[in-house]
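Trainee: Just dropping this structure here.
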């Protein structure tokens, strides 16, 4: 009898010791408190993310990135969350911190999936969630794995986008994502409708999402990962020129003048939204936060100006910068030049610019 009692006491002590060890080394994530996002412009930090309230029930989920130990997408990316009365809608899924991503030197983070889940579901509450990507690059679809097993989440991918990227980048079955045809609208309830617009160039299926009621446009990297974009192929220049002009005309047709002037454009990498410093290192920089209707028009004018060879015409408005201060900002590869129109810029090989304009490249230009 005494031996049985002793055995039970030892068992309880051993179990208690084990539980203490687990509790000591496995601490649950802190609750995501949304009270700090009470008014427009408020921001809170949760784990590795900074969340901004950019509208009523509309949030920017910013990954500040690591500009020292990573590269490319690892320098920071942005996701956006829109809450309607019937459903929530999320644009893009940022970098993969569940498994990491070796090409960008991104390492896995503990509780990465749970961290993003806490933020998203803390903001959406009981609303069903639909997630749509602007394109399938690793810094825009990376956290798919955080929601892949949730039956209440629907994934969307634009038609024309490379579905094999999911398998090659993260070993995710691309069938998780349903395809949509450009022009599709997502009705979130309460008058909030998100409409899609094709913007080929950065990828073949790059898509912008327009939230008309709140005059917001979410563009990923299509018009510029910040205020500018890098295009190495002739087809890419032609695609973005055509589609960006169609977007300009669509906005003119569907938004009243006062709505267009209030348009706020949110890109996939807002840390790049800094005018100045990209032409010459000694320029003063201006943090603009978000872009606008002027930027959309300038982006279209810049691409179409290249097709018309306007950088060679004095007074055309298209400015040619032979040497860009920081070509790596948009993944640019030397040799290349910068074409600037107003608030928008395109970095590309000079040879591609001449080809796009249908002009022979002068020998003196080849020697620069």
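No value in this document is a laboratory result; all are computed from the given coordinates. All of these numbers come straight from a predicted model, not from anything done at the bench. Positions of Cβ are backbone-derived with ideal geometry, glycine not excepted, and every protein chain shown enters the neighbour counts.
Trainee: For the chain, set up a GNM with springs between Cα atoms under 10 Å and report which of 347, 186, 89 has the largest fluctuation.
Mentor: Residue with maximal mean-square fluctuation among 347, 186, 89: 186.
Trainee: Checking the a/c ratio against 1.5 first, then a/b against b/c, what shape does the Cα gyration tensor give for the range 195-317?
Mentor: Because its axes are fairly even, with a/c under 1.5, the range 195-317 counts as rounded.
Trainee: Let me ask something additional. Going by how many other beta carbons lie within 10 Å of each one, how would you line up 206, 178, fewest first? Intermediate values should be presented prior to the final figure.
Mentor: Numbers: 206 30, 178 11.
Ordered by Cβ neighbours within 10 Å, fewest first: 178, 206.
Trainee: Separate question: How many times 2.2 N^0.38 Å is the alpha carbon radius of gyration of the range 32-222?
Mentor: Rg over 2.2 N^0.38 Å, computed on Cα atoms: 0.96.
Trainee: Which order results if 151, 246 are arranged by neighbouring Cβ count within 10 Å, fewest first? Each step should come with its number before you reach the end.
Mentor: Working: 151 5, 246 14.
By the 10 Å Cβ count, ascending, the order reads 151, 246.
Trainee: If you don't mind, there's one more thing I want to ask. Starting from the Cα of residue 182, move 7 Å in the Cα-to-Cβ direction to define the label point; list residues of the range 64-91 whose amide nitrogen is under 20 Å from there.
Mentor: 91
Trainee: What's the ranking of 261-267, 299-305 by average number of surrounding C-beta atoms within 10 Å, highest first?
Mentor: Per-residue Cβ counts within 10 Å, averaged per peptide and sorted highest first, yield 299-305, 261-267.
Trainee: Applying 1/(1 + (r/R0)^6) with R0 = 45 Å to the Cβ-Cβ distance of residue 173 and residue 314, what FRET efficiency is obtained, to the nearest 0.05? Intermediate results must be reported in sequence, preceding the final value.
Mentor: Numbers: r = 55 Å, r/R0 = 1.21.
After rounding, the FRET efficiency stands at 0.25.
Trainee: For the range 119-169, what class follows from the C-alpha gyration tensor (a ≥ b ≥ c being the square roots of its eigenvalues): rounded when a/c is under 1.5, otherwise prolate if a/b is larger than b/c, else oblate? Write out the running numbers ahead of the final one.
Mentor: Numbers: a/c = 2.23, a/b = 1.93, b/c = 1.16.
Judged from the Cα gyration tensor, the range 119-169 comes out prolate (a/c at least 1.5, a/b above b/c).
Trainee: Figure the gain on full extension for residue 56 and residue 288 (residue separation times 0.36 nm, minus the Cα-Cα span) and round it to one decimal in nm.
Mentor: Here the answer is 81.4 nm.
Trainee: Taking Kirkwood radius over Cα pairs in Å straight from the coordinates, which label in [x] 21.5; [y] 23.8; [z] 22.1 is the correct one?
Mentor: The value matching this structure is [z].
Trainee: Given the options 195, 85, 207, which has the most mean-square fluctuation in a GNM of the chain, springs set between C-alpha atoms less than 10 angstrom apart?
Mentor: Per the Cα network of the chain with a 10 Å cutoff, 85 tops the list.
Trainee: Taking the Cβ of each residue in 90, 79 as the centre, tally the other Cβ atoms inside 10 Å and list the residues starting with the fewest.
Mentor: The fewest-first ordering by Cβ neighbours comes to 90, 79.
Trainee: Need the full-extension length gain, residue 111 to residue 159, defined as separation in residues times 0.36 nm minus the C-alpha distance. One decimal, nm.
Mentor: Here the segment from residue 111 to residue 159 would lengthen by 14.0 nm.
Trainee: In what sequence, highest mean first, do 72-78, 163-169 appear when ranked by Cβ atoms within 10 angstrom?
Mentor: Going by the mean number of other Cβ atoms within 10 Å, highest first, we get 72-78, 163-169.
Trainee: Specify the residue with the greatest mean-square fluctuation among 345, 136, 250, computed from a Gaussian network of the chain linking alpha-carbon atoms under 10 Å apart.
Mentor: Fluctuation is largest for 250.
Trainee: Divide by every residue of the chain the summed helix terms, -39500 (n - 2.57) for each DSSP H run of at least 4, and state the resulting mean residue ellipticity at 222 nm, rounded to the nearest 500 deg cm²/dmol.
Mentor: -8500 deg cm²/dmol
Trainee: Do you know the relative contact order of the chain, to the nearest whole percent, from alpha carbon pairs under 8 angstrom that are 6+ apart? Mind dumping the intermediate values first?
Mentor: Working: 730 pairs, mean separation 38.2, N = 368.
Reported as a whole number, the value is 10 percent.
Trainee: Calculated FRET efficiency, residue 261 and residue 204, Cβ-Cβ r, R0 35 Å, to nearest 0.05?
Mentor: 0.65
Trainee: Can you tell me which of 235-245, 216-226, 33-43, 111-121 comes out highest on packing, and rank the rest after it, using the mean Cβ neighbours within 10 Å?
Mentor: 216-226, 235-245, 111-121, 33-43
Trainee: Another question, then. Using only the alpha-carbon atoms, how far is helix 112-124 inclined from the longest principal axis of the chain? Give it as 0 to 90 degrees, nearest 10.
Mentor: 80
Trainee: In the range 106-136, which residues have a backbone nitrogen under 20 Å from the label point lying 7 Å from residue 31's Cα in the Cα-to-Cβ direction?
Mentor: 114-127
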